[in-house]
């Protein structure tokens, strides 16, 4: 039985849809798309690639903020071959913007309204779908359309692949803020979420935000893959395998949404203003910590056996680093962390690596074959420490002084043995 999702992260995955193992080969291009133009207003129109083959529903697909990929067209072909007419649209390109998250945030959603208006003319069920930051303009457009068509039930839901609905990646220790549309959406929403992603550990918060506006949620974790797995240049074998299965999972999600009982859904009328746009990426540098300086508890098992307790290190400067072997910036910075440890050998300084929920055999293999470090590795098996420490990105690091207070933090990889960082750490070591 299909039920509403009203539970916590540990319980949101029992309902997993079946899927078809469809190969996305170059032969799929035998289906030629139709180029369609949809008028947005008197001044603007938008181009759409329509993939259709005896359709029973229409899916409007907005790719990832990094732009249209070859595999997006392959997915559209595979979906069409399963009876799901797919409208492939690039909202960033249509607005003559560069492929960035910030620019995706600037899109109002009016193009999505026009696309839904055109799609419902067919009388078929319509689904909107997006990857990554594309969820924001797609949900905005769905809400605007609902407000203009209060009793029309043809818009049956949304499919979101690893949606990013926070205003930005917060600094370490700071609670994240959702874009206003997250709490103002009222749709059946199916989320496909890679589990090798920092956003997997924020999924419960995302679900609660979306439920605020009345949305019903269905969740399918994607095991063993990272964000953008289906078009990553560095895809591993499992990510390649899962990319071949993605069309089937999207099709299963679409079929579920079109078979749900139809109900009138009224969009939330009041919505706060979206935050001001940040220009460029935040600086990757060790900055003064802005959160509560009292660190959350950190009591976890050690990889090599025994129990770790952060409180036992009071009197030392401690670098706490949250990492995972599937995170390229984590892998890149770890050798510099070992060099830092070596340079400060014999001083009141310790590095602790907190691994995020990986299998112990995988961690041992990684440390034996790829990166060799001597500092302790501790195991956050269920992600509780990550959530307690408000980690939104990998890697994230905290620098704790000898009194046990967090003094500095940063997210993203850096070279830890630079003179500037060593000077900051040395200053904490030398302090009384």
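The values are calculated or read from the model by the stated rules, or taken from the named source; none is laboratory data. Note that the coordinates shown come from a computational prediction; the quantities given were computed from them, not determined experimentally. Cβ: placed from backbone, ideal geometry, glycine included. Neighbour counts: every protein chain shown.
Quick one: is residue 210 within 30 Å of residue 358 (Cα to Cα) and modelled with pLDDT of 95 or more? In short, yes. The residues in region 196-219 that are surrounded by fewer than 18 Cβ atoms within 10 Å (Cβ to Cβ) and not in a helix (DSSP H, G or I) can be counted, and the count is 1.
When region 378-410 is filtered for residues that are buried (at least 21 other Cβ atoms within 10 Å of the Cβ) and either under 14 Å from residue 174 (Cβ atoms) or not assigned by TED's automatic domain parsing to the domain that holds residue 301 (or both), the ones remaining, listed by number, are 389, 391, 392, 396, 398, 406, 409, 410. Considering only strands (runs of 3 or more DSSP E) fully contained in region 57-144, which possess at least 1 residues that are within 17 Å of residue 187 (Cα to Cα) and touching a strand residue (DSSP E or B) at 6+ places or on another chain (Cβ under 9 Å)? So the answer is 57-62, 126-131. May I ask you to verify whether residue 359 is within 23 Å of residue 387 (Cβ to Cβ) and either assigned by TED's automatic domain parsing to the domain that holds residue 172 or free of Cβ contacts under 8 Å to residues at least 12 places away in the same chain (or both)? So residue 359 passes the test.
When we screen 347, 374 for residues that are exposed (fewer than 13 other Cβ atoms within 10 Å of the Cβ), assigned by TED's automatic domain parsing to the domain that holds residue 409, part of a loop (DSSP other than H, G, I, E, B) and in contact with a helix residue (DSSP H, G or I) (Cβ under 7 Å, 6 or more places away or on another chain), the only hit is 374. Of all positions in region 308-318, none carries a residue that is farther than 19 Å from residue 400 by Cβ and surrounded by fewer than 14 Cβ atoms within 10 Å (Cβ to Cβ). Beta carbons closer than 7 Å, at least 6 apart along the sequence or on distinct chains, pair a first residue in region 67-83 that is at positive phi with a second that is buried (at least 23 other Cβ atoms within 10 Å of the Cβ) for 67/92.
Set side by side, the residues 160, 246 differ, and just one is touching a helix residue (DSSP H, G or I) at 6+ places or on another chain (Cβ under 7 Å), in a helix (DSSP H, G or I) and outside the structural domain of residue 386 (by TED's automatic domain parsing), which is 246. Checking each residue of region 170-184 against the condition of being touching a helix residue (DSSP H, G or I) at 6+ places or on another chain (Cβ under 6 Å), surrounded by 20 or more Cβ atoms within 10 Å (Cβ to Cβ) and assigned to a strand (DSSP E or B) gives no match.
Under 7 Å between Cβ atoms, which residue pairs at least 6 apart in sequence (or on different chains) link something in region 35-48 that is closer than 16 Å to residue 96 by Cα with a partner that is in a loop (DSSP other than H, G, I, E, B)? Qualifying pairs under 7 Å: 46/40; 46/89; 48/89.
Scanning region 116-134 for residues that are touching a residue at least 60 places away in the same chain (Cβ under 8 Å) and over 19 Å from residue 265 (Cα atoms) turns up 118, 122, 130, 131, 132, 133, 134.
With respect to residue 420, is the statement that it is surrounded by fewer than 16 Cβ atoms within 10 Å (Cβ to Cβ) and part of a helix (DSSP H, G or I) true? It is true that residue 420 is surrounded by fewer than 16 Cβ atoms within 10 Å (Cβ to Cβ) and part of a helix (DSSP H, G or I). Every test in (1) part of a helix (DSSP H, G or I); (2) farther than 28 Å from residue 162 by Cα; (3) touching a residue at least 60 places away in the same chain (Cβ under 8 Å) is passed by residue 385 save one, and that test is (2).
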